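Working notes, beginning with the structure itself.
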Amino acid sequence: MDSPKNRTSQLEALFQHAFATPALTQTLSTVIRVTAPVPEELDEDVRRRLLAALQSTADRFGHIAASDGSTLWAEVDRPPTTKKGHS
(Lines give C-alpha, C1' and ligand atoms only; values in the text may rest on other atoms or scores of the structure.)
Protein backbone atom coordinates (compact mmCIF):
# COMPACT_ATOMS: atom_id res chain seq x y z
CA MET A 1 0.00 0.00 0.00
CA ASP A 2 1.14 3.55 -0.69
CA SER A 3 2.50 5.68 2.11
CA PRO A 4 0.14 8.08 3.91
CA LYS A 5 1.88 10.98 2.15
CA ASN A 6 1.31 9.47 -1.31
CA ARG A 7 -2.31 8.61 -0.54
CA THR A 8 -2.92 12.14 0.74
CA SER A 9 -1.44 13.57 -2.46
CA GLN A 10 -3.73 11.33 -4.50
CA LEU A 11 -6.77 12.59 -2.55
CA GLU A 12 -5.73 16.22 -3.00
CA ALA A 13 -5.37 15.70 -6.76
CA LEU A 14 -8.67 13.82 -6.91
CA PHE A 15 -10.58 16.63 -5.18
CA GLN A 16 -8.84 19.29 -7.28
CA HIS A 17 -9.79 17.48 -10.50
CA ALA A 18 -13.37 16.63 -9.49
CA PHE A 19 -14.28 19.98 -7.95
CA ALA A 20 -11.91 22.42 -9.71
CA THR A 21 -10.91 23.88 -6.35
CA PRO A 22 -7.93 23.20 -4.08
CA ALA A 23 -8.47 20.86 -1.16
CA LEU A 24 -7.73 21.76 2.44
CA THR A 25 -5.36 19.31 4.13
CA GLN A 26 -5.00 19.07 7.90
CA THR A 27 -2.43 16.90 9.65
CA LEU A 28 -3.85 15.77 12.98
CA SER A 29 -2.34 13.50 15.61
CA THR A 30 -3.57 10.20 14.14
CA VAL A 31 -4.92 11.09 10.68
CA ILE A 32 -4.46 13.36 7.71
CA ARG A 33 -7.79 14.87 6.68
CA VAL A 34 -8.48 16.27 3.21
CA THR A 35 -11.63 18.34 2.66
CA ALA A 36 -13.17 20.23 -0.24
CA PRO A 37 -16.44 21.99 -0.96
CA VAL A 38 -18.73 20.04 -3.28
CA PRO A 39 -20.25 22.00 -6.17
CA GLU A 40 -24.03 22.07 -6.37
CA GLU A 41 -23.96 20.30 -9.74
CA LEU A 42 -21.80 17.20 -10.05
CA ASP A 43 -21.88 14.92 -13.06
CA GLU A 44 -23.01 11.38 -12.19
CA ASP A 45 -19.98 9.85 -13.94
CA VAL A 46 -17.65 12.07 -11.90
CA ARG A 47 -19.53 11.08 -8.75
CA ARG A 48 -19.06 7.35 -9.49
CA ARG A 49 -15.35 7.73 -10.27
CA LEU A 50 -14.88 9.82 -7.16
CA LEU A 51 -16.53 7.19 -4.98
CA ALA A 52 -14.43 4.39 -6.48
CA ALA A 53 -11.22 6.38 -5.94
CA LEU A 54 -12.17 7.22 -2.35
CA GLN A 55 -12.88 3.56 -1.59
CA SER A 56 -9.45 2.54 -2.84
CA THR A 57 -7.42 5.43 -1.38
CA ALA A 58 -8.93 6.72 1.88
CA ASP A 59 -9.20 4.89 5.19
CA ARG A 60 -12.55 6.60 5.71
CA PHE A 61 -14.54 9.34 4.01
CA GLY A 62 -17.82 11.15 4.28
CA HIS A 63 -20.05 13.99 3.20
CA ILE A 64 -21.25 16.90 5.32
CA ALA A 65 -24.39 18.65 4.05
CA ALA A 66 -25.16 22.10 5.44
CA SER A 67 -27.47 24.95 4.53
CA ASP A 68 -24.53 26.93 3.11
CA GLY A 69 -23.16 24.07 0.98
CA SER A 70 -21.65 20.65 1.35
CA THR A 71 -18.18 19.32 1.98
CA LEU A 72 -16.53 16.02 1.14
CA TRP A 73 -13.84 14.75 3.50
CA ALA A 74 -11.42 11.83 3.44
CA GLU A 75 -8.93 10.61 6.02
CA VAL A 76 -5.68 8.69 5.80
CA ASP A 77 -4.34 7.10 8.98
CA ARG A 78 -0.92 8.26 10.13
CA PRO A 79 1.55 5.74 11.47
CA PRO A 80 2.07 5.93 15.24
CA THR A 81 4.92 8.20 16.25
CA THR A 82 7.57 7.10 18.69
CA LYS A 83 9.59 9.41 20.88
CA LYS A 84 13.29 8.97 20.36
CA GLY A 85 15.42 8.50 23.44
CA HIS A 86 12.61 7.00 25.52
CA SER A 87 12.22 3.35 26.36
Original post:
Taking the stretch 40-64 as the region of interest, how many residues are of a type in the set (Gly, Ala, Ser) and within 27 Å of residue 81 (Cβ to Cβ)?
Top reply: 3
Subject >> Among residues of the stretch 44-87, those that are assigned to a loop (DSSP other than H, G, I, E, B) and open to solvent by 90 Å² or more (accessible area, probe 1.4 Å), counted >> reply: 9
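Please find, within the stretch 9-32, the residue that is farthest from residue 57 (Cα to Cα) out of those that are hydroxyl-bearing (Ser, Thr, Tyr) and out of contact with any helix residue (DSSP H, G or I) (no Cβ under 9 Å at 6 or more places or on another chain).
Our first condition is that a residue be hydroxyl-bearing (Ser, Thr, Tyr); within the stretch 9-32, this holds for 9, 21, 25, 27, 29-30.
Next cut, out of contact with any helix residue (DSSP H, G or I) (no Cβ under 9 Å at 6 or more places or on another chain) only: 9, 29-30.
On the way: 9: 10, 29: 19, 30: 17 Å.
Restricting to residues being hydroxyl-bearing (Ser, Thr, Tyr) and out of contact with any helix residue (DSSP H, G or I) (no Cβ under 9 Å at 6 or more places or on another chain), the top hit is 29.
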Original post:
Does residue 21 satisfy being more than 14 Å from the chain's Cα centre (by Cα), over 17 Å from residue 2 (Cα atoms) and either buried (at least 17 other Cβ atoms within 10 Å of the Cβ) or hydroxyl-bearing (Ser, Thr, Tyr) (or both)?
Top reply: no
**OP:** Filter the stretch 24-39 down to the residues that are touching a strand residue (DSSP E or B) at 6+ places or on another chain (Cβ under 8 Å) and over 24 Å from residue 81 (Cβ atoms), then identify the one that is surrounded by the most Cβ atoms within 10 Å (Cβ to Cβ).
**Re:** 36
**OP:** Inspect all residues belonging to the stretch 7-24 and state whether any of them is among the polar types (S, T, N, Q), assigned to a strand (DSSP E or B) and modelled with pLDDT under 95.
**Re:** no
**OP:** Sort out which residues of the stretch 25-37 are in a strand (DSSP E or B) and among the polar types (S, T, N, Q), and write them in order of number.
**Re:** 25, 26, 27, 35
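The values are calculated or read from the model by the stated rules, or taken from the named source; none is laboratory data. Predicted model only: the values in this text are computed from it and were never measured. So basically every Cβ, Gly included, is an ideal-geometry build from the backbone, and we count neighbours across all protein chains shown. SASA here: full protein model, heavy atoms, side chains in, ligands and nucleic acids out. Shrake-Rupley method; radii C 1.70, N 1.55, O 1.52, S 1.80 Å.
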